[in-house]
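**Q** First, the structure itself, so that you have it in front of you.
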Amino acid sequence: MPRRPAGDPALAAFPARAPDTRRWCFADQLGPHFLDRPDQPVLLIESRAVFARRRFHRQKAHLVLSALRHRAAELGDQAEFSRVRTYAEALDRVREPLSVCAPTTWSSRDYVLRRPDLAVLAARGFVATQEEFAGWAEGRGRRRLLMEDFYRHNRRRHDVLMDGAEPVGGRWNLDHDNREPPPSEGQLAVPEPWWPEEDEIDERVRADLDRWEADGDVAFVGDDGPRLFPVTREEALLRLHDFLDTRLGAFGPHEDAMLTGDRWMAHSLLSPALNLGLLDPLEVVHAAEQRYRDSVAEGDPLPLNSVEGFVRQVMGWRDYIWHTYWHVGRDFRHANALGAHEAVPDWLADLDDGPVEAACLSDVLGDLRRDGWVHHIPRLMVLGNYALQRGIDPLAMADWFHRSFVDGYDWVMVANVVGMSQHADGGLLATKPYAAGGAYIDRMSDYCGGCRYDPRRRLGEDACPFTAGYWAFLERNRERLAPNQRMRRALQGLDRLQGLEEVVEQERLRGTEVI
């Protein structure tokens, strides 16, 4: 993995605190841990131009605006709240020392560094600081920045789920136990998640979005509300504790499974709150660990694979993706090792699940249209897998994920999509492409039983587009993937496959037409 670009001002070692200033908090910096003291004056800016740049999911726009306005209402006179077209309009009016925690995207960080009147501080809202990650990544002659190694480093550093120098339970990779197929009916007996209640601020947000859209100032995709995700710290803590109380124990075994009739399963639904900055990830991790240790003391221990799987998501993968975004540099988003250049098809861009006949893709796209959220396996193994097989441009897909998901941000999606999902980095983040045929989807979901396509067939009208697409993908990228030892067996299978030329031609003609 490349080292950090030397001399880039956006990667400077920023100071940690500037308490005697008004703190500008971006809309993803809304928790108390972004202030140096509880009574620090705050600047909040609602910029309409942000929503005009891209066609966001309607519920994403609602969530961000509602969270920003709720924070302004909570702070009262402590906050100066500017509703303007651009950030500059608000910043130019400030006549006092102003500071900001380093923003979460390259463009935003460049913007604040260009303002001579802004003191830029170290980023917050993640477990490891950027300096800590750089020290880990560049130490001991490290050749590969493996997430597993970084996760263990974070666990040890913060003494999370550790018994001295060893992990609790004696094993690190308990998430390997979390890949069971979907449960049978009634097996996953967990209650519905806690849901927030909308208030008058949500009503005003909805009215404003309706007016902006009617005026032609913005355009959205996806369905409108009701709001499903927290916009205040109080709501975020309610969701966290609801998950710990009622769902954490069931989270692990079926973490990677998909069910048609249960889109939430036992997932925490905390990523939007974390990415808005309403929760500090370390407090989330410590709360989960404490719940586990309390359960052990009470003689009814929570399943360790569930607790560890959740901790791994928060202080392992989430932190790793954040730091990778910065460490690999500005040009990472343009990586395209597999030469994928197809455009995002209109039906996918519009979240139009209506004409989609493939049960898995139709269900996942419909959930995304309705909720602005699906969990990590539908993202990776249905939506991402489809784009990978069809050769859709990885940067275009990263932008689509960014706009379409309520928890989507540039730092989230560039590494997750360009690197992991689309393998456009040539294997820096993942050692092999996350491509799979219909057999995987059949094993890990209940989609295929009622689908018009047969996951066992690769030719003909009832051939599964994922099964056929998998083989066409391998053939199209045979030479690019040949040096990858983990792909040797799959590529050898191409030579034994009957009707390969017909499969390739079938999928070439299908292209990115609705399936």
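**Q** Limited to segment 133-157, what total is found for residues that are open to solvent by 60 Å² or more (accessible area, probe 1.4 Å), over 22 Å from L174 (Cα atoms) and modelled with pLDDT of 85 or more?
**A** 0
**Q** Between a residue in segment 237-249 that is at pLDDT below 95 and any residue that is assigned to a helix (DSSP H, G or I) and of a type in the set (D, E), which pairs come within a Cβ distance under 9 Å, given they are 6 or more apart or on different chains?
**A** none
**Q** Among the numbered conditions (1) small (G, A, S); (2) open to solvent by 10 Å² or more (accessible area, probe 1.4 Å); (3) within 20 Å of V190 (Cβ to Cβ), tell me where A257 comes up short.
**A** (2)
**Q** Output the residue which, of all residues in segment 305-349 that are closer than 23 Å to A266 by Cβ and of a type in the set (V, I, T), is surrounded by the most Cβ atoms within 10 Å (Cβ to Cβ).
**A** Of everything passing the filter in segment 305-349, V307 is surrounded by the most Cβ atoms within 10 Å (Cβ to Cβ).
**Q** Tell me yes or no: at least one residue of segment 227-242 is more than 25 Å from R291 (Cβ to Cβ) and surrounded by 15 or more Cβ atoms within 10 Å (Cβ to Cβ).
**A** Yes, segment 227-242 contains a residue that is more than 25 Å from R291 (Cβ to Cβ) and surrounded by 15 or more Cβ atoms within 10 Å (Cβ to Cβ).
**Q** For residues that are farther than 27 Å from Y440 by Cβ, within 26 Å of the chain's Cα centre (by Cα) and open to solvent by 60 Å² or more (accessible area, probe 1.4 Å), tally how many sit in segment 173-223.
**A** 6
**Q** I need a count of the residues in segment 463-477 that are open to solvent by 60 Å² or more (accessible area, probe 1.4 Å) and either modelled with pLDDT under 95 or within 28 Å of the chain's Cα centre (by Cα) (or both).
**A** 0
**Q** Between R95, R17, which is open to solvent by 20 Å² or more (accessible area, probe 1.4 Å), assigned to a loop (DSSP other than H, G, I, E, B), within 24 Å of L282 (Cβ to Cβ) and at pLDDT below 95? Talk me through it step by step, then tell me what you get.
**A** On the way: R95 fails: within 24 Å of L282 (Cβ to Cβ).
Matching residue, one of R95, R17: R17.
**Q** I'm checking my understanding of the structure. Among residues of segment 243-253 that are under 15 Å from L269 (Cα atoms) and not small (G, A, S), which one is most open to solvent (accessible area, probe 1.4 Å)?
**A** Going through the qualifying residues, I end up with D245.
**Q** Give the residue that is most open to solvent (accessible area, probe 1.4 Å), with candidates limited to residues of segment 26-51 that are assigned to a helix (DSSP H, G or I) and over 14 Å from Q78 (Cα atoms). Spell out the reasoning first.
**A** Taking segment 26-51 and keeping what is assigned to a helix (DSSP H, G or I), we get 32-34, 48-51.
Those left that are additionally over 14 Å from Q78 (Cα atoms): 33-34, 48-51.
Working: H33: 40, F34: 6, R48: 85, A49: 24, V50: 37, F51: 17 Å².
Across segment 26-51, the extreme among qualifying residues is R48.
**Q** Right, next: Among the listed residues R83, R22, R109, identify the single one that is modelled with pLDDT under 95 and either farther than 24 Å from P226 by Cα or open to solvent by 20 Å² or more (accessible area, probe 1.4 Å) (or both).
**A** Of R83, R22, R109, the one residue that is modelled with pLDDT under 95 and either farther than 24 Å from P226 by Cα or open to solvent by 20 Å² or more (accessible area, probe 1.4 Å) (or both) is R83.
**Q** Does L474 satisfy the condition of being more than 18 Å from A430 (Cα to Cα) and in contact (Cβ under 8 Å) with a residue 12 or more places away in the chain?
**A** No.
**Q** Looking only at segment 392-434, which residues are in contact with a helix residue (DSSP H, G or I) (Cβ under 8 Å, 6 or more places away or on another chain), over 18 Å from V328 (Cβ atoms), without any contact (Cβ under 8 Å) to a residue 60 or more places away in the chain and open to solvent by 20 Å² or more (accessible area, probe 1.4 Å)?
**A** Across segment 392-434, the qualifying residues are K432, Y434.
**Q** Sort out which residues of segment 283-297 are surrounded by 18 or more Cβ atoms within 10 Å (Cβ to Cβ) and within 28 Å of R69 (Cα to Cα), and write them in order of number.
**A** Matches in segment 283-297: V284, V285.
**Q** May I pose another question? Scan L228, L282 and give me the residue that is touching a residue at least 12 places away in the same chain (Cβ under 8 Å) and not in a loop (DSSP other than H, G, I, E, B).
**A** So the residue among L228, L282 that is touching a residue at least 12 places away in the same chain (Cβ under 8 Å) and not in a loop (DSSP other than H, G, I, E, B) is L282.
**Q** Out of all the residues in segment 212-220, is one or more closer than 22 Å to H376 by Cβ and either part of a loop (DSSP other than H, G, I, E, B) or free of Cβ contacts under 8 Å to residues at least 60 places away in the same chain (or both)?
**A** Taking every residue of segment 212-220 in turn, none turns out to be closer than 22 Å to H376 by Cβ and either part of a loop (DSSP other than H, G, I, E, B) or free of Cβ contacts under 8 Å to residues at least 60 places away in the same chain (or both).
**Q** Which condition breaks for G366 when tested against (1) surrounded by fewer than 20 Cβ atoms within 10 Å (Cβ to Cβ); (2) touching a residue at least 40 places away in the same chain (Cβ under 8 Å); (3) of a type in the set (G, A, S)?
**A** Checking G366 against (1) surrounded by fewer than 20 Cβ atoms within 10 Å (Cβ to Cβ); (2) touching a residue at least 40 places away in the same chain (Cβ under 8 Å); (3) of a type in the set (G, A, S), the one that fails is (2).
**Q** Report yes if Y447 is more than 18 Å from the chain's Cα centre (by Cα), closer than 26 Å to M265 by Cβ and surrounded by 21 or more Cβ atoms within 10 Å (Cβ to Cβ), otherwise no.
**A** Here the answer is yes, as Y447 does meet what is asked.
**Q** How many residues are closer than 18 Å to G438 by Cβ and in contact with a helix residue (DSSP H, G or I) (Cβ under 9 Å, 6 or more places away or on another chain) when one looks only at segment 477-498?
**A** 4
The values are calculated or read from the model by the stated rules, or taken from the named source; none is laboratory data. Just so it is clear, the model here is predicted, and its values are computed rather than measured. Ideal geometry is used to build each Cβ from the backbone, glycine not excepted, and the neighbour counts take in all protein chains shown. Note: areas computed on protein heavy atoms with side chains; ligands, DNA, RNA excluded. Shrake-Rupley method; radii C 1.70, N 1.55, O 1.52, S 1.80 Å.
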